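The values are calculated or read from the model by the stated rules, or taken from the named source; none is laboratory data. Fair warning: this is a prediction, and the values are worked out from it, not measured in the lab. Every residue, glycine as well, gets a Cβ built from its backbone with ideal geometry; the counts of neighbours run over all protein chains shown. Only protein heavy atoms, including side chains, enter the accessible area calculation; ligands, DNA and RNA are left aside. Shrake-Rupley method; radii C 1.70, N 1.55, O 1.52, S 1.80 Å.
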Amino acid sequence: MSAKLEITGVYTAYDKADVLEDVSLVAEPGRITCLLGSNGSGKTTLIRSILGLTRPRAGSIVFDGKDITRLRTHKIVKAGIACIPEGRKVFPKLTVEENLRLGAYAEASASVIRTRLESTFEQFPRLGERRQQIAGTMSGGEQAMVSIGRGLMRAPKLLLIDEPSLGLSPRFVTENFGIIRDINARGITVFLVEQNVRQTLAVAHYGYVLSKGRVVAQGPTAELAARDEVREAYFG
Amino acid sequence: MDAGLLAQHVMNGLMLGMMYSLVAVGFTLFFGVLDVIKFSHGDVLMVGAFAALAAYTALAGQALSPWLMLLAILAAAVVAMGLLGMAIAQAFVLPLRTAPALNTLLITLMLGTALREAVRLFYPQGANPKPFPALLPKASIDMGQFNLRADNAIMFAAGILSIVALQLFLKHTKLGLAIRAVAQDEETARTMGINFTMVVLITFGIGSALAAFAGVMNGLYYNEINFGMGLLLGVIGFSAAIVGGLGSIYGAILGGFLFAALQTIGAVAVPFASAYKDVFAFGVVILIMTIKPTGLIREKISERV
């Protein structure tokens with residue numbers, strides 16, 4: 001059920017200023033690939049480029065053997081990609097259940113959606129207890145759960161996760177990384193964008209480092225942790 | 001004033017409030033999904049009423065019962081305006097998404113004028129007020145000094161029914177959920193796999209169909225339509241949506257009935273001639289906006305970071 005994501009020579013610009021320059025990377029099927037980089041290095045722009053929210057001006061993005069570079073966002077999602085966005089982005093005025101159902105919007109069968117809903121409630125019993133609660137009234141940690149559950153409702157081949165630990169308490173951060181490992185264990189390809197370097201390198205298989213819109217280092221995470229560029233940039 | 005006359009005024013206020021609400025709901029729907037004000041909305045209502053009249057003229061030769069005729073011309077108006085609303089969204093509103101909202105407001109304002117002038121110039125004798133057929137039963141229940149007219153009761157019930165149907169659609173269907181999701185966060189909605197363009201087109205279709213419904217209701221109520229009828233109805237519907245709190249369906253309905261209530265009070269209670277009822281109503285609206293700039297129904301839940 002997993003699939004490969006191949007990004008080749010992507011340039012993405014806002015108002016004619018390139019944010020990404022010649023970015024190439026691969027997320028291998030069934031593995032966790034991480035993208036490290038400081039604020040403003042272009043991490044979120046890369047996620048936006050993959051999802052078609054900001055179209056690359058050059059380069060190609062191929063997913064599961066299909067060129068998705070110029071597709072519209074809902075078509076890209078239909079190809080089997082889901083996203084757990086930065087800042088969680090739950091729909092604040094909708095209930096927990098409505099949020100989760102939206103995650104499976106691309107799925108036509110009502111019974112499949114119901115089954116996924118039940119298995120999400122099994123995985124996150126807290127969401128089951130609060131299925132009718134308005135998502136905007138929940139705590140940050142609970143909203144993170146809604147956002148993760150919503151991403152999984154898609155039953156994606158590839159899951160993009162953008163800064164999952166941002167703004168969460170350390171306990172939730174550790175829990176989140178455990179969940180990411182579980183998701184991957186189900187065979188879903190994971191592309192993880194993070195600033196929390198230590199835990200990210202511990203959970204991911206392969207990593208890329210982005211700086212000022214360019215890939216400056218890459219390698220298996222065990223090697224990457226020892227590289228000078230990474231040590232300098234993150235471990236001081 | 002006696003009770004019968006008062007009841008008459010209340011009934012009139014309710015009928016007007018229903019029409020205003022239907023128009024205001026459109027404004028609120030459009031603003032919800034796209035954060036734009038579509039100022040041609042009142043003129044779409046007018047075109048809807050003329051579409052119904054044209055359908056009536058076309059079908060006049062057939063020996064249709066009044067009920068069938070009414071359903072046929074209502075369907076014609078609703079479908080035609082639904083399509084017109086979609087076309088307007090596709091041709092004038094969506095292409096301007098990256099432009100300032102003011103541009104959308106201006107272009108739809110001009111489009112409204114174009115629609116108005118087109119009906120005036122190209123509809124046969126379009127410059128004159130047109131009689132609108134009375135297709136509803138004329139029976140009435142005599143309650144002392146107050147006559148409860150069957151046609152008013154039917155129109156009011158139909159209005160309520162359409163608003164309830166809209167609410168059920170928004171609350172309980174997948175498409176309705178998609179519309180609400182787009183209204184809250186367009187970008188995240190798109191990453192859920194929602195076809196944003198389709199949601200916008202459908203929303204504009206629904207809002208414009210409701211305006212057509214209000215236009216037919218207006219024709220049936222006054223037994224007359226004219227090319228300029230959409231202007232004031234558009235402004236009133238817009239004010240109602242703003243006073244209620246733009247983006248809230250309940251707010252729009254509340255605003256619609258509130259405006260009608262103000263007009264009625266203006267006509268009844270204010271000592272000078274009832275000609276000042278609009279001045280009175282708009283004056284109070286301005287006052288409300290000064291006191292509560294965000295409208296009466298505020299969004300209760302703010303997004304937590």
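Results, tabulated for the structure shown:
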{"item": "Matching residues, segment B:197-212, being open to solvent by 10 Å² or more (accessible area, probe 1.4 Å) and in contact with a helix residue (DSSP H, G or I) (Cβ under 6 Å, 6 or more places away or on another chain)", "result": "B:201, B:209, B:210"}
{"item": "Subset tally (residues that are within 14 Å of chain B (Cβ to nearest Cβ) and in a strand (DSSP E or B)) for segment A:59-81", "result": "1"}
{"item": "Residue that is nearest to the other protein chains (Cβ to nearest Cβ) [pool: residues in segment B:177-205 that are among the hydroxyl-bearing types (Ser, Thr, Tyr) and touching a residue at least 40 places away in the same chain (Cβ under 8 Å)]", "result": "B:197"}
{"item": "Residue match in segment B:69-79 (condition: assigned to a loop (DSSP other than H, G, I, E, B) and either among the basic types (Lys, Arg) or surrounded by 14 or more Cβ atoms within 10 Å (Cβ to Cβ) (or both))", "result": "no"}
{"item": "Residue match in segment B:136-145 (condition: more than 14 Å from chain A (Cβ to nearest Cβ), open to solvent by 30 Å² or more (accessible area, probe 1.4 Å), under 20 Å from residue B:230 (Cβ atoms) and in a loop (DSSP other than H, G, I, E, B))", "result": "no"}
{"item": "Residue match in segment A:161-170 (condition: open to solvent by less than 10 Å² (accessible area, probe 1.4 Å) and within 12 Å of chain B (Cβ to nearest Cβ))", "result": "yes"}
{"item": "Matching residues, segment A:11-32, being in contact (Cβ under 8 Å) with a residue 12 or more places away in the chain and farther than 18 Å from residue A:207 by Cβ", "result": "A:11, A:12, A:13, A:14, A:18, A:19, A:21, A:22"}
{"item": "Residue in segment A:82-95 that is facing chain B (nearest Cβ under 9 Å), within 22 Å of residue A:162 (Cβ to Cβ), touching a Pro at 6+ places or on another chain (Cβ under 8 Å) and touching a residue at least 24 places away in the same chain (Cβ under 8 Å) present", "result": "yes"}
{"item": "Residue list for segment B:207-266, filter: outside any helix (DSSP H, G or I) and not hydrophobic (A, V, I, L, M, F, W, C)", "result": "B:223, B:224, B:226, B:228, B:245, B:247, B:248"}
{"item": "Unmet criterion (only one of (1) under 27 Å from residue B:176 (Cβ atoms); (2) in a loop (DSSP other than H, G, I, E, B)) for residue A:99", "result": "(2)"}
